[in-house]
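Engineer: I am attaching a structure below and will ask some questions about it afterwards.
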């Protein structure tokens, strides 16, 4: 184990295959698997989605619900296996503007076991029509950038295909 656990961020649009990609990346580690779930079953349809995700993952995963205190769940599970956080977008939404991204980043920097984080890529759509939605999109984009900055790897899922963004093969600051 290194001084800091390996951090991987997986981003993509809705139904892009990002959760499946994240699960594949977790499977590369020969450690117990822990799923840190940020979704809450606030209605029947969401409850069914959660059950389907659990069924697809299978019995080899331990699930811990962390809709609000994600940093606390990461600290509590460090040293117990590889963690999959699914997803940062829901965690930020659950916080209703109070999600502490700085605390999350600080906690991620302190992890000794690997963490794979899933997030949505929200900035590729139209500009939202209201100020609250624009603020959420902007805060979310800043969160994604902060986590990507400290991540060892960043992947994007596009139409079910994995695209590695970091480390990249070329540096945009290199001279041509």
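Any read-out appearing in this document is the output of simple, stated calculations on the displayed coordinates, not a laboratory observation. In this text, all values refer to a predicted model and were calculated from it rather than measured experimentally. FYI the Cβ positions are ideal-geometry reconstructions off the backbone, even for glycines, and counts take in every protein chain you see.
Engineer: Which pairs do you get when a residue that is over 12 Å from residue 97 (Cβ atoms), found in the range 123-140, comes within reach of a residue that is exposed (fewer than 10 other Cβ atoms within 10 Å of the Cβ), reach meaning Cβ atoms under 7 angstrom, with the pair 6+ apart or on two chains?
Structural biologist: These pairs meet every condition: 134/127.
Engineer: Filter the range 143-175 down to the residues that are outside any strand (DSSP E or B), within 15 Å of the chain's Cα centre (by Cα) and closer than 22 Å to residue 15 by Cα and list them by number.
Structural biologist: 143, 144, 145, 147, 148 - these are the residues of the range 143-175 that are outside any strand (DSSP E or B), within 15 Å of the chain's Cα centre (by Cα) and closer than 22 Å to residue 15 by Cα.
Engineer: Name the residue, out of 134, 142, that is closer than 20 Å to residue 38 by Cα and loosely packed, with under 15 Cβ neighbours inside 10 Å. Let's see the steps before the verdict.
Structural biologist: Details: 134 fails: closer than 20 Å to residue 38 by Cα.
Answer to the selection: 142.
Engineer: Please go through the range 118-142 and pick out each residue that is assigned to a helix (DSSP H, G or I) and under 18 Å from residue 5 (Cα atoms). Please lay out each step first, then the result.
Structural biologist: The initial filter retains those residues of the range 118-142 that are assigned to a helix (DSSP H, G or I), namely 131-142.
Those that are assigned to a helix (DSSP H, G or I) and under 18 Å from residue 5 (Cα atoms): none in the range 118-142.
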